Number of protein chains: 6
Amino acid sequence: MFSITVRDHVMIAHSFRGEVFGPAQRLHGATYVVDARFTRTELDADNIVVDIGLATTRLGEVLSGLNYRNLDDLPEFAGINTSTEFLAKHIADQLADRVHQGELGEGAKGLAGIEVTLQESHVAWAAYSRAL
Amino acid sequence: MFSITVRDHVMIAHSFRGEVFGPAQRLHGATYVVDARFTRTELDADNIVVDIGLATTRLGEVLSGLNYRNLDDLPEFAGINTSTEFLAKHIADQLADRVHQGELGEGAKGLAGIEVTLQESHVAWAAYSRAL
Amino acid sequence: MFSITVRDHVMIAHSFRGEVFGPAQRLHGATYVVDARFTRTELDADNIVVDIGLATTRLGEVLSGLNYRNLDDLPEFAGINTSTEFLAKHIADQLADRVHQGELGEGAKGLAGIEVTLQESHVAWAAYSRAL
Amino acid sequence: MFSITVRDHVMIAHSFRGEVFGPAQRLHGATYVVDARFTRTELDADNIVVDIGLATTRLGEVLSGLNYRNLDDLPEFAGINTSTEFLAKHIADQLADRVHQGELGEGAKGLAGIEVTLQESHVAWAAYSRAL
Amino acid sequence: MFSITVRDHVMIAHSFRGEVFGPAQRLHGATYVVDARFTRTELDADNIVVDIGLATTRLGEVLSGLNYRNLDDLPEFAGINTSTEFLAKHIADQLADRVHQGELGEGAKGLAGIEVTLQESHVAWAAYSRAL
Amino acid sequence: MFSITVRDHVMIAHSFRGEVFGPAQRLHGATYVVDARFTRTELDADNIVVDIGLATTRLGEVLSGLNYRNLDDLPEFAGINTSTEFLAKHIADQLADRVHQGELGEGAKGLAGIEVTLQESHVAWAAYSRAL
């Protein structure tokens, strides 16, 4: 199995509901360093997994919908705990949509899966992986 | 599949038996930077994999049994080469016990697996993964 | 010159005023990975720069005043752009106060300076250094 | 499942053919930080996955065939886009050959798989994994 | 003293002349992860060292003159060993020119110095610092 | 000012005397990731700070005197707390001796200073810098 991974980041504010979150129930924020990993079983005709430039561009587009935002104010997240693991899935699903729409190039239709990892600090991170 | 990972570290002394270890047969030591990764297929009612605070606390408790110790002196490791990969399993198994005993919260009973990685230097690390 | 450095982190929300900040004028957030570096010209009687345990504890205390907060709501920052470089100075000054009050141990009175670095992402950080 | 990983690096020049590569069609270069990960289901008689010293030596030997080279000039890569993902497979396959030839020790014949990751920058990397 | 640092990278080919370089006399290449650090004694009216967006943009512009190039082919480097430390100075001087030309904003004229660090691998880096 | 830095590591056991060390008074150990930084004001005739290959070799030699050792057993450290900051000075001084003896090349006699940093974990490190 082959993979390529590209990295970007996003800076957001949010709060959580539920006693399990302790002081993180207060409005606070995070930098998420975001790694998007694309897998496939065989390389394409150019000998690559996916166009790394397009992958970086599409990841940046997906993140721009979150960047410098208070996630508590976004209608799409109303009533949702925007945990690191939830956001990993949100970003992975948006990237998957773009793959299916051909926005990562025709060759990207041969991709097998996506994994998105969000590093929230030097001591904690979360990930979500899915098939394509 | 979702995962969250928390990081801590432990500083120990030990020695190895067997020619394969070369100079590491002498009493020496290591800092292990320890990553504990918890996986599950669906998020819980709080939209998380596991309470990251509890995960960090339990990892710290497991490591405290090793920290600032000469592992050669611990009865539980008598006659055992406490290699990095062996210690990864030791820590993973102790975390698994705590999951099964409910010490990572009731929700943690939905966890699918644990992976523990021990980084022994900037150029070498070992890991052990198991189901729960 | 000797130094020791300890690392911790803090997760906050805030917003900026001024066109130079572009989209960061919106309420957003950041994880700051915080490094506090203490310098001195000669080691103390224990052969150390400062008690690394105390240094870590005091850094944690200083950060707890900011952690999981919206800095826009804190009276001490009213009307202030809480930029990464400003926060580096804020934390360094609070640590300096604790040094002067003896909270890092009597030996710490021999410290020469403090530098605080805040990493706001994998591609940007800020620092402030001062004498003691 | 157990694993150990060792890290080394290699510095090469090359160029790519195909519009997808944009400016990387020009002769340029890269440092690849190379991680070789070896997996097995049970530890060997010494309580290890593989002799980490031998693993490091063999990885260094494989990389020495590429190091300080213009890959465009190597007959084995004639007409091939030496992408990061392609090189990950090249290195993994060469390590697999050495495992099968006993060059990582007799115990290494119990290895289950190899994964090779090449980090080409702080924001992009590629990997290839295979069974043994 | 305050500082902010921004990170980018560049991928180049080159060769060296001189026995001290050993196999690096051959045409090879490198990824340089480039950190540009800007210092000043007091923050500006916006409470910052310099506009981090402009700093990132200008660093990217300077690197674009090198990126995906064989440095041996660039007239400005004819007869010069483009060592990591030499390139650190080259980039720092180009950034200094841009500061003096007002391209990092009017406030940037209060900057005290620049340091540029080029990481060529996980085990080696070089830096150059200068006043402004 | 120019600098180059090379990285290696060493794995040791030791114990400390003094209440300030708490549980670290017990025999334990550490991996130190060691960075040796060499500075000079002008580059030499080859356009470098120092031969990076020689610098790496000499650092490895200095570390080999400590590697896989219990420092409590070494006569040179009898009665001494081998703290991270003390070891940074020990290594820096040994490198300085080698510079003065010409073991880093004739050109190295133009070096201005050395800084040695020992990272003992992902959250703590110490350094020592001196003139040459």
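The values are calculated or read from the model by the stated rules, or taken from the named source; none is laboratory data. Just so you know, these numbers come straight off a predicted model, no measurement behind them. Positions of Cβ are backbone-derived with ideal geometry, glycine not excepted, and every protein chain shown enters the neighbour counts. These accessible areas exclude ligands, DNA and RNA; they are computed on the full protein's heavy atoms, side chains included. Shrake-Rupley method; radii C 1.70, N 1.55, O 1.52, S 1.80 Å.
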*asked:* So, in the range E:1-10, how many residues would count as being part of a strand (DSSP E or B) and open to solvent by 10 Å² or more (accessible area, probe 1.4 Å)?
replied: 3
*Considering each residue of the range F:77-96, count those that are under 20 Å from residue F:18 (Cβ atoms) and in a helix (DSSP H, G or I), and give that number.*
8
*Within the range C:88-132, which residues are open to solvent by 10 Å² or more (accessible area, probe 1.4 Å), within 16 Å of residue C:9 (Cα to Cα) and more than 14 Å from chain E (Cβ to nearest Cβ)?*
C:94
*Where residues in the range B:63-82 are more than 21 Å from residue F:15 (Cα to Cα) and among the small types (Gly, Ala, Ser), which of them is nearest to the other protein chains (Cβ to nearest Cβ)?*
B:79
*asked:* I need every pair where a residue in the range F:98-121 that is among the basic types (Lys, Arg) has its Cβ under 7 Å from the Cβ of a residue that is crowded, with 20+ Cβ neighbours inside 10 Å and not in a helix (DSSP H, G or I), sequence separation at least 6 or different chains.
replied: F:98/F:104
*Residue check: is residue F:38 under 29 Å from residue C:38 (Cα atoms), buried (at least 21 other Cβ atoms within 10 Å of the Cβ) and of a type in the set (Phe, Trp, Tyr)?*
yes
*Restrict the check to the range B:63-73 and report whether at least one residue is hydroxyl-bearing (Ser, Thr, Tyr) and out of contact with any Pro (no Cβ under 8 Å at 6 or more places or on another chain).*
yes
*Name every residue in the range F:62-76 that is touching a residue at least 40 places away in the same chain (Cβ under 8 Å) and under 16 Å from the mean Cα position of the chain (by Cα), in order of residue number.*
F:63, F:66, F:67, F:68, F:69, F:71
_Against the definition (modelled with pLDDT of 95 or more, assigned to a strand (DSSP E or B) and not hydroxyl-bearing (Ser, Thr, Tyr)), how does residue D:34 come out, yes or no?_
yes
*Is it the case that residue A:107 is part of a helix (DSSP H, G or I) and modelled with pLDDT under 95?*
yes
*Would you be able to say whether some residue in the range D:87-95 is more than 12 Å from the chain's Cα centre (by Cα) and at pLDDT 95 or above?*
no
*Can you tell me which residues in the range B:1-60 are more than 18 Å from residue A:83 (Cβ to Cβ), facing another protein chain (nearest Cβ under 7 Å) and of a type in the set (A, V, I, L, M)?*
B:11, B:12, B:13, B:20, B:24, B:27, B:30, B:33
_I'd like to check something: does the range A:38-51 contain any residue that is in contact (Cβ under 8 Å) with a residue 24 or more places away in the chain and in a helix (DSSP H, G or I)?_
no
*Complete set of residues in the range D:11-26 that are outside any helix (DSSP H, G or I) and among the β-branched types (Val, Ile, Thr)*: D:12
_Consider the range B:62-76. How many of its residues are within 21 Å of residue B:18 (Cβ to Cβ) and polar (S, T, N, Q)?_
1
*Among the residues of the range C:46-81, write down those that are under 28 Å from residue E:47 (Cα atoms), surrounded by fewer than 20 Cβ atoms within 10 Å (Cβ to Cβ) and hydroxyl-bearing (Ser, Thr, Tyr).*
C:56, C:64
